[in-house]
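Q: I'd like to ask you about the structure that follows.
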Amino acid sequence: MEILRNILVASSLLLATTASAQSGQPYIHDPSTLAECDGKWYTFGTGSGGIITEDGWNWKGGGVRPGGGAAPDVIKIGDRYLVIYGATGGGLGGGHNGRILTMWNKTLDPQSPDFKYSTAIEVASSDGMEDNDAIDPGVLLDPTTGRLWMSYGTYFGNIRLVELDPNTGERVKGNEAIDIAIDCEASDLIYRNGYYYLLGTHGTCCDGVNSTYNIVVGRSRSVTGPYIDNVNRDMFHGGGKMVIAAGDRVCGPGHFGRTIIDEGVEIMSCHYEADFDQGGRSVLGIRPLLWKNDWPVAGDRFKEGTYMIESERRGYSLELSVDFVRMQGGMRMFGPRDNNQQQEAPKPVENQKLQDVIGTWPSGNINVRIGDYMFRPHQRWTITAVPEAGGYLSNPYFKITIEGTNRALAATADCEVTSVPEFTGAAEQLWRIEQLTDGTFRIMPKQIPGQEGINKRMVLYSAGDCTPTLAEYDFNSDNSKWNFRNH
């Protein structure tokens, strides 16, 4: 482990300074929790740099964080940003003599006239001999008390918890560190629904496609613990419920961060130690964050494909408003007329084909409705990424077309939905698809004709069992929620 950490010194500095615009594949290691500043999102990594996105999807270099070191975190408190990082430790330079420092800035934009970091203040340290390594800080501003907490540490010893002053960024005088976990590093604290959650990164790092990093969690009713997992194991004795592991040709997720986009819309950030499709490089990962029985778990980025779009309200399907065309075939009998008579094996009934019905559809715009799903062509939607149109945190925008055609779902100026004969790339034909914390999805047009700016509130909405429209997003209503079924 220590040899691998030495490898990190050179490689992570290179990654942090050479990141370029990528569609969801920015290069970084040990990223901080995402921070929004003046309409842009920032994350900082090991080294001195950081990466920035204006749309949530296309990332580029340009973030500035002095001090070097490793594994920073960032949090906005009032109108300032507190940046915290490990100056040494983690085996870097051959030892575990770690120091953690904090500093403030009014903005994260290095082009702003207000951009100036304050002098760094030490808030924790380790002497290389004790059962702790002062590195990998994660911070939580407790929404119930306003108190500021920091967890830190690596596999070399315990994960510790200390209290900081949210006004100065200094350690609260007389505060003694509390040991709260072992067998993990890159910890983070979050709060939700009466529980404090301790996220820790388990496994091995810094070995590319051979890294076994994964993120585990325990929870407690008290910020000081004990943090217990789903089978009643204490994280101080090696417990932890899995949040995210390797999958989809990326491995080694570590350095958890939580970002709340909207009510019921949350994401988690991390890095993947290796992206197999990016030459095994370390990249930023952004995934939906789901909550199941009050436990966090990583959702999946939405993937292209052909789906039934199912309303959570009733379970009916989004479809074109065209005449239902009956199919031929199928068994009409309930059983054989003569038990002694040999019966022919039943022949499969083929799905209705697009070419058999498309001639009955109008040539112009066709309204959409919601109805019983019957495997019909007017109910099957192909969803395809349009990365050149930008995106949002977790995905690019998508086009939604009837399978086998270029007929596209579109928003209208009067906040209704229709289908147009051809996809043109217009903003009202681009869709944002986000998985919600309960596992369902919201579907939003990028723009509504006649309205300025990116749409941030209006979603595809089931106004009635058969009536789709656009309306204000409401997480507490199933009218706002949809599922994608691959029938």
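The numbers here are math on the coordinates, done by the rules we state, and not lab data. Bear in mind that the values here come from a model prediction, so they are computed numbers and not experimental data. Every residue, glycine among them, receives a Cβ derived from its backbone with ideal geometry; neighbour counts consider all protein chains shown.
Q: Listed highest first by mean packing, meaning other Cβ atoms within 10 Å per residue, what order do 70-82, 280-292 come in?
A: 280-292, 70-82
Q: OK, next. Within a 10 angstrom radius of the beta carbon, how do H255, H378, H202 rank from fewest other beta carbons to most?
A: Least to most surrounded, the residues fall as H202, H378, H255.
Q: Also, I was wondering about something else. Charges at C-beta only: +1 for Lys and Arg, -1 for Asp and Glu. How large is the resulting dipole of region 360-487 about its Cα centre, in Debye rounded to 20?
A: Charge dipole, region 360-487, about its Cα centre: 280 debye, nearest 20.
Q: Further, regarding this structure: Find which of N455, P253, T88 sits farthest along the positive direction of the dipole of the chain, computed with +1 on the beta-carbon of Lys and Arg, -1 on that of Asp and Glu, about the Cα centre.
A: My answer, from the dipole projection, is N455.
Q: Which order do the peptides 426-432, 172-178 take when ranked by the mean count of other beta-carbon atoms within 10 Å per residue, highest first?
A: For the peptides 426-432, 172-178, the packing ranking is 426-432, 172-178.
Q: Length gain on complete extension for the stretch T144 to K456, per 0.36 nm per residue less the alpha carbon to alpha carbon distance?
A: Computed gain between T144 and K456 is 109.5 nm.
Q: Still on this model: Place a point 7 Å from the Cα of R314 along the Cα-to-Cβ direction; which residues of region 451-466 have their backbone N under 19 Å from it?
A: The answer is 460-466.
Q: Can you give me the distance in nm between label points at K292 and D179, each placed 7 Å from the Cα along the Cα-to-Cβ direction?
A: Once both label points are built, they end up 3.3 nm from each other.
Q: Further question: Two decimals is fine: what's Rg over Rh for the chain, C-alpha atoms, Kirkwood radius as Rh?
A: Taking Rh as the inverse mean 1/r over Cα pairs, Rg/Rh reads 1.06.
Q: Take every Cα pair under 8 Å in the chain that's 6+ residues apart, average their separations, divide by the length, and report that relative contact order as a whole percent.
A: Result for the chain is 10 percent.
Q: Next up: I want to check the label-to-label distance for D127 and V231. Put each point 7 Å from Cα in the C-beta direction and report it in nm to one decimal.
A: Computed distance between label sites D127 and V231 equals 3.9 nm.
Q: Now, a different point. For I260 and K353, FRET efficiency with R0 = 60 Å and r from the beta-carbon atoms, rounded to 0.05?
A: 0.85
Q: Any chance you could give the angle, 0 to 90 degrees and rounded to 10, that helix 2-18 forms with the longest Cα principal axis of the chain?
A: 60 degrees
Q: Of the listed pairs K40/K399; K353/K399; K40/K173; K40/K116; K446/K481, which have alpha-carbon separations greater than 27 Å here?
A: Too far apart for the 27 Å limit: K40/K173.
Q: Calculated FRET efficiency, E54 and T360, Cβ-Cβ r, R0 51 Å, to nearest 0.05?
A: Here the calculated transfer efficiency is 0.70.
Q: Using only the alpha-carbon atoms of region 284-439, report the extent along each of the three principal axes, biggest first, to the nearest angstrom.
A: The Cα atoms of region 284-439 stretch 67, 46, 26 Å along their principal axes.
Q: Here's something else I'd like to know. Could you let me know the centre-to-centre spacing of region 378-449 and region 183-242, using Cα atoms, in angstrom?
A: Here the two parts' Cα centres lie 37 Å apart.
Q: So which cysteines of the chain have no other cysteine's Cβ under 4.7 Å from theirs?
A: C37, C184, C251, C270, C415, C466 - these cysteines have no disulfide-compatible partner (Cβ-Cβ under 4.7 Å) in the chain.
Q: Let me ask something additional. Restricting to DSSP H runs of at least four residues, report the calculated mean residue ellipticity at 222 nm for the chain, -39500 (n - 2.57) per run over all residues, nearest 500 deg cm²/dmol.
A: Roughly -1500 deg cm²/dmol at 222 nm, from the helical runs in the chain.
Q: Subtracting the Cα-Cα distance from 0.36 nm times the residue separation, let me have the gained length for Q278 to R221 in nm, one decimal.
A: 16.4 nm
Q: Another question, then. Work out, step by step, the length gained on full extension between T212 and S321: first 0.36 nm times the residue separation, then minus their alpha carbon distance; give nm to one decimal.
A: That pair, T212 and S321, stretches by 34.2 nm at full extension.
Q: Given labels modelled 7 Å from the Cα in the Cβ direction, how far is it in nm from R80 to D465?
A: 5.9 nm
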